[in-house]
Amino acid sequence: MKDFVGALPLIDHHCHGVVARDLDRPGFEALMSEGHRPVPGCSQFDKPLGLALLRHCPPVLGLAPHAEPGDYLEIRRTLGFEEVSRRLIGANGVDTLLIDTGHRSDAIFDPARMTAISGVPSREVVRIEAVMEEVARRKPASGAELRKAFEERLAERSAGAVGLKSIVAYRTTFDIDQSEPAEAEVDAAGDLWLRQLDSGEARRLENAVLIRHGLYVGARLCRDRGFPMQLHVGFGDRDVMMPKCDPTVFLPFIEAMETMGVTITLLHCWPFLREAAWLAEVFSNVYVDTGVSQNFTGASAPRVVAEMMELAPFHKQVYSSDAFGLAELHYMGARLFRDALAEVLAGWIARGDLLPQRAEQIARAIAFGNACRIYGLPLPASA
């Protein structure tokens, strides 16, 4: 099973670009962490992600597995970030990258540069909140002007995209009013936020009314253009108020999206894997992945994938890496996911729970088939 899954093309339906420069050790380790402050005298290599990186990535750059961190970073520096990115992303067997461009876009490669450096076709996923912040930087005169300009700009930005994404879980948590706000409410909230931006009281979009407006404007675009809305769930940096990021808290919105005919993809989902799997079971429009959890759990990734596969329908699961900044995270995400999926399916085969040919069908669906269906992508040539 491992050889079969290892040869399958993957659609990475949620990831980010790599940092467009060479990195020193502190800069490299910062991108291995969701924490904001390094621990004095300690290393990010001393955790599951670090162990997995040093096991899997050195051979791609010409070193033996389990190289020392210093040796690995030295060969990385010698090769340069472009060659490292070309090797690692080009070697992970991913057919298409769907790239969220809404976070630190000034510091990382956009989809065109990612394709140029890796040879892997890349498409854009537009982050809703980032578009509203972009519009606000243009200094609209009023909340009403902000509302209208945002609606126009989101339509423009998404014209060539394959999906939209929201980080409502980060900005307000899921524990908010989930109905669509009236125009007057949106305009008043816009007036307030613009004043707060001018005074320095606010730095980014955290106004629940405006975020709700963005979600519904985005939902109509998703419905009309036939592509999904991605929602961050659970695992992230310390901005996440984890108890209120359980995706079942967002059930009224998910149900409203089902009524509208909008597909929702729940990203990462750790530690709410079972909750997300249940949503995928009971709502026709919900899809799930284990995303960034694979890299951060390293050798334990098979347990994460197995937990999602306990309940989530196989036609509702998709692959993502959520790799950001480091080409290593692109490579590891694919490698750890393949190994985990193969281990779970091989265990079921060994127990007589399914036949090998059925396991191959399941693996194809999760690796690329489901993503191609919901994002309207062509099947990989090697499928």
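Would you be able to say whether some residue in the range 344-366 is within 20 Å of His13 (Cβ to Cβ), in the same structural domain as Gly102 (by TED's automatic domain parsing), crowded, with 18+ Cβ neighbours inside 10 Å and in contact with a Pro (Cβ under 8 Å, 6 or more places away or on another chain)?
yes
Read through the list (1) at pLDDT below 95; (2) crowded, with 20+ Cβ neighbours inside 10 Å; (3) closer than 21 Å to Val84 by Cα, then give the number of the only condition that Gly102 fails.
The single condition Gly102 does not satisfy is (3).
Being modelled with pLDDT under 95 and of a type outside the set (D, E, K, R) narrows it down to one of Ala136, Ala107, so name that one.
The conditions single out Ala107.
Quick check: anything in the range 175-198 among the polar types (S, T, N, Q), in a helix (DSSP H, G or I) and at pLDDT below 95?
Looking through the range 175-198, none of the residues is among the polar types (S, T, N, Q), in a helix (DSSP H, G or I) and at pLDDT below 95.
Just one of Ala208, Ala182, Ala169 is over 27 Å from Pro271 (Cβ atoms) and aliphatic (A, V, I, L, M); which is it?
So the residue among Ala208, Ala182, Ala169 that is over 27 Å from Pro271 (Cβ atoms) and aliphatic (A, V, I, L, M) is Ala182.
Do any helices (runs of 4 or more DSSP H) lying entirely in the range 249-341 carry at least 3 residues that are in contact (Cβ under 8 Å) with a residue 60 or more places away in the chain, and which ones are they?
Where helices (runs of 4 or more DSSP H) fall fully within the range 249-341 and carry at least 3 residues being in contact (Cβ under 8 Å) with a residue 60 or more places away in the chain, they are 251-260, 293-297.
What residue, of Arg55, Arg76, Arg37, Arg25, is among the charged types (D, E, K, R) and touching a Pro at 6+ places or on another chain (Cβ under 7 Å)?
Arg55
I need a count of the residues in the range 20-53 that are outside any loop (DSSP other than H, G, I, E, B), under 25 Å from Ser118 (Cα atoms) and touching a helix residue (DSSP H, G or I) at 6+ places or on another chain (Cβ under 7 Å).
Looking only at that region, the number is 6.
The values are calculated or read from the model by the stated rules, or taken from the named source; none is laboratory data. Model, not experiment: these values are computed from the prediction. Positions of Cβ are generated from backbone atoms using ideal geometry, with glycine treated the same way; all protein chains shown enter the neighbour counts.
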